[in-house]
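For reference, the structure discussed in these notes is given below.
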Amino acid sequence: MESELATGRVRSTGGPDGHLTQEILAILHKWGIHTLGQLAALDKEELRARLGAEAVRLWERANGTATRLLKFVQPPEAFEESFEFDHEIETVEPLLFMLRRFLEQLALRLSG
């Protein structure tokens with residue numbers, strides 16, 4: 001896995017600073033830096049001095065030290081579903097059918 005990352009191509013992932021990142025990547029390519037391993041091998045402070053904070057963010061991503069803020073969603077603490085069967089359940093199949101349906105609804109709520 002580590003060797004795969006080291007040989008991964010340096011490229012922009014877009015984002016709000018995409019235009020700046022493209023300029024930095026063009027400079028890195030002129031320097032002969034084409035892989036994440038090559039970028040990670042550069043000195044962080046030298047990179048900061050030459051290309052600025054955005055280049056350091058790229059370096060941190062290449063080295064696996066970058067942090068990004070996540071927006072956490074607080075799901076409701078309890079989920080409740082109910083269903084009244086018209087007849088007494090004599091086999092497990094109707095119950096499994098309803099449980100599967102409830103789980104699908106729960107999965108949709110959690111993903112949304």
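The values are calculated or read from the model by the stated rules, or taken from the named source; none is laboratory data. The structure displayed is predicted, hence computed values, not measured ones. Cβ: placed from backbone, ideal geometry, glycine included. Neighbour counts: every protein chain shown.
Conditions (1) closer than 18 Å to T21 by Cβ; (2) surrounded by 10 or more Cβ atoms within 10 Å (Cβ to Cβ); (3) hydroxyl-bearing (S, T, Y), marked per residue:
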site: E60; (1), (2), (3): yes, yes, no
site: T65; (1), (2), (3): yes, yes, yes
site: F79; (1), (2), (3): no, yes, no
site: I89; (1), (2), (3): no, yes, no
site: G112; (1), (2), (3): no, no, no
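Within region 53-108, being touching a residue at least 40 places away in the same chain (Cβ under 8 Å) and among the aromatic types (F, W, Y) holds for no residue. If only residues of region 33-85 that are charged (D, E, K, R) and under 30 Å from A107 (Cα atoms) are counted, the one that is modelled with the highest pLDDT is E84.
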